[in-house]
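What follows is a short report on a single structure.
The values are calculated or read from the model by the stated rules, or taken from the named source; none is laboratory data. The structure displayed is predicted, hence computed values, not measured ones. Cβ: placed from backbone, ideal geometry, glycine included. Neighbour counts: every protein chain shown.
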Amino acid sequence: MSWGKIGIFAGGILFGTAGIKLLSSKDAKKVYTHCTAAALRVKDAVVDQATIIQENCTDVYEAAKQINKERAEKEKDIVIDDIDVEESEDKTESETVIDGETAKA
């Protein structure tokens, strides 16, 4: 073995030991604590935004259901009106339909 390889090995052990001491120091623990606190704040903000988006989606969905319900009711009224018109055409000429009531002329 050459002295260069032994020096690199010793430096690695020294750096590793110093790194472990550095990573477990009080200052490092403060950094970890602040980073964790920031991550928790971000998580809370994301959850709040997700809740707001979910509420808005629910509102949009309910409004869309209401629009479709109103549209179906209008289409039903149109079909009923068409049936009334067809029935009135089938009647004799002496009968006239006025506002849904049959009157004889």
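Numbers below:
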{"read-out": "Qualifying residue in the stretch 26-33 (condition: aliphatic (A, V, I, L, M), surrounded by 10 or more Cβ atoms within 10 Å (Cβ to Cβ) and more than 12 Å from the chain's Cα centre (by Cα))", "value": "yes"}
{"read-out": "In the stretch 16-65, the residues that are in a helix (DSSP H, G or I) and polar (S, T, N, Q)", "value": "THR17, THR33, THR36, GLN49, THR51, GLN54, ASN56, THR58"}
{"read-out": "Residue match in the stretch 13-24 (condition: among the aromatic types (Phe, Trp, Tyr) and either modelled with pLDDT of 90 or more or in contact with a strand residue (DSSP E or B) (Cβ under 7 Å, 6 or more places away or on another chain) (or both))", "value": "no"}
{"read-out": "Every residue from the stretch 1-23 that is small (Gly, Ala, Ser) and surrounded by fewer than 10 Cβ atoms within 10 Å (Cβ to Cβ)", "value": "SER2, GLY4"}
